[in-house]
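The values are calculated or read from the model by the stated rules, or taken from the named source; none is laboratory data. Nothing here was measured: the structure is a model prediction, and the numbers come from that model. Every residue, glycine as well, gets a Cβ built from its backbone with ideal geometry; the counts of neighbours run over all protein chains shown. The area values use the complete protein model at the heavy-atom level, side chains included, leaving out ligands, DNA and RNA. Shrake-Rupley method; radii C 1.70, N 1.55, O 1.52, S 1.80 Å.
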Amino acid sequence: MESTDDLPLPPYVTKEDVVFALRAVSVHGPEQRPDGERCRKDYARHPCRLHRWGRRVLQKRGLTETQVQTLISGGTVALR
Ligand SMILES: [Zn+2]
């Protein structure tokens, strides 16, 4: 579901964008709160705007969920 306040994606996703996106996804990760999952950075409901942006950038770059998890946990994935 797309919401209108979503951040725009870059027209072409560069490796720098991937680095930014990974940082956004990991820094804006979920945190368990009494009222549900919230962003541990800005306390918005998870997934927050930046987390969603990061996910969309990585998806546009063609990274799979598994590859994203590997990268977030410090592993390496060959980027085209
Ligand atoms: Zn956030």
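Here are some notes:
- Residue in the range 30-44 that is among the aliphatic types (A, V, I, L, M) and either part of a helix (DSSP H, G or I) or touching a strand residue (DSSP E or B) at 6+ places or on another chain (Cβ under 6 Å) (or both) present: no
- The range 8-29 - residue that is open to solvent by 40 Å² or more (accessible area, probe 1.4 Å) and assigned to a helix (DSSP H, G or I) and, of those, farthest from the ligand (Cβ to nearest atom): 15
- Annotation: of all residues in the range 45-68 being within 13 Å of the ligand (Cβ to nearest atom) and in a loop (DSSP other than H, G, I, E, B), the one that is least open to solvent (accessible area, probe 1.4 Å) is 48.
- Condition broken by residue 38, with the remaining ones in (1) at pLDDT 95 or above; (2) in contact with a helix residue (DSSP H, G or I) (Cβ under 9 Å, 6 or more places away or on another chain) satisfied: (2)
- All positions within the range 11-52 that are among the hydrophobic types (A, V, I, L, M, F, W, C) and in contact with a His (Cβ under 9 Å, 6 or more places away or on another chain): 24, 25, 27, 39, 44, 48, 50
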